[in-house]
1. What does the charge count around residue 13 come to, taking other residues whose C-beta lies under 11 Å from its C-beta (Lys +1, Arg +1, Asp -1, Glu -1)?
2. Note down the accessible area of residue 151, probe 1.4 Å, to the nearest 10 Å².
3. If I take every Cα pair under 8 Å that is 6 or more residues apart in the chain, average their sequence separation and divide by the length, what percent do I get for the relative contact order?
4. Which of the listed residues, 72, 149, 338, is farthest toward the dipole's positive end in the chain, when Lys, Arg count +1 and Asp, Glu count -1 at the beta-carbon?
5. When a/c is below 1.5 the answer is rounded, else prolate if a/b is larger than b/c, else oblate, so apply that to segment 296-370 with a ≥ b ≥ c taken from the square roots of the Cα gyration tensor eigenvalues.
6. From the C-alpha coordinates alone, can you work out the Kirkwood hydrodynamic radius of segment 240-363, in Å?
7. Take residue 13, project a point 7 Å from its Cα along the Cβ direction, then tell me which residues of segment 100-114 have their backbone nitrogen under 19 Å from it.
8. Which of rounded, prolate or oblate describes segment 132-254 when judged by the alpha-carbon gyration tensor and an a/c cut-off of 1.5?
Amino acid sequence: MKAVILVGGLGSRLRPLTTTIPKPMLPLLNRPFIATVLAHLRRYGVNEVILSTGYLPEVFTDFLAETRAMGMSVEVVTEDRPLGTCGAVKNVADRLDETFLVLNGDILTDINLTNLIDYHRQKGAVATISLTAVEDPTSYGLVPLERDGRVSSFVEKPSWDEATTDLINAGTYVLEPEVLAHAPLGENYSFERGLFPYLLDEDMKVYGFPASSYWLDIGTPEKFIRAHKDLLEGKLPFDFTGTEIKSRVWVGEGTTVDQNALLYGPVVMGDNCTIESNAVIIGPTSLGDGCHVSAGARVEGAICFSDCRLQSGAVVRNSVLGRGVDVGKQVHIDDFAVLGDNLVIGEGNWLRRGIKVAPGSTLEPGTIRF
Ligand code: GTP
């Protein structure tokens, strides 16, 4: 079976990280997020994939050699302008002549695809939407079902008294190719507000598949950090590479950890990192290749992409640092701060409470105490 993965969005809620890297290519434990999605597909025997791109497509093309090494056949198809979730699939309809999967490229899940596909076939559905239960349904589109699992309606962002179910669209679909005949070609058109409600109005068989599997949309800084923590804490399968130097601490090649550094797993470090004496690293934490944590610096529950440098007394907690960020002495970064690539943060700055800093800038010492 083929799968189309939608990866053309701007990822605006994850800026500035997505200024140079599209959301599905952001590193997740030092591997592009999409590699985890592909590994999930491969576990269920889905090896043929179309990546539907629009934003920064060359970043996906550069990744193709790696997908070949994974034994997958991946084609990148790029839109001239955003076609929306369904329009993007309509755009590749000529390659889809039997039942196929569609996946939003920003969902971390271990949904059982065999069960999903079997359910679709048993029901004789033209479209089956995977569903997940959420605690607060009022900020999502809800998908109430009839007793046999058929979708009864779509309810956009209901108030609490209108919320008759807690099931939302989980962004994985099984579709029959014929449904694409109902989507306009070359126009921006969505599954959620366009094709699925249309199929329902036409009384076609649209089913919902409630799944109790792990599910997370990685689209905000909080959820991006959550995805790292959940993988590091073993909530879903992940193929950790590197050497496990102590319990749940994995390091890549050429990484040196001083024997007086304090490490509390789960922690993943890439290649060629240097962890000095009396540096403290508390998991769940992920450091990319070439990171340097100086004596007396502390990292806790944080994500640093490659080549970040933390000077002594710096503290980074619950935050994400892009590539090549230089964190000066006594800098405090906390509370879901998101820092773009190649920043230089001078001594004594405090960056907290969801602050976002654009790539490439320099903060003079003591400028921000947020
Ligand atoms: P935000 O800008 O933060 O809302 O993120 P996004 O637009 O990248 O993601 P959103 O959650 O809105 O979209 C869900 C998935 O569909 C993501 O994997 C997007 O990459 C993808 N997507 C959204 N719009 C398009 C589109 O017009 N074309 C293609 N090919 N993919 C899309």
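1. +1
2. Here the accessible area works out near 10 Å².
3. Reported relative contact order: 12 percent.
4. 338
5. rounded
6. 13.7 Å
7. Under 19 Å, as judged by backbone N against the label point of residue 13, lie 103-110 of segment 100-114.
8. It is prolate, given that a/c is not under 1.5 and a/b is the larger ratio.
The values are calculated or read from the model by the stated rules, or taken from the named source; none is laboratory data. Keep in mind it's a predicted model, so treat the numbers as computed, not measured. Reconstructed Cβ throughout: ideal geometry from the backbone, glycine too, with neighbour counts over all protein chains shown. In case anyone asks, the SASA skips ligands and DNA or RNA and just uses the protein heavy atoms, side chains included. Shrake-Rupley method; radii C 1.70, N 1.55, O 1.52, S 1.80 Å.
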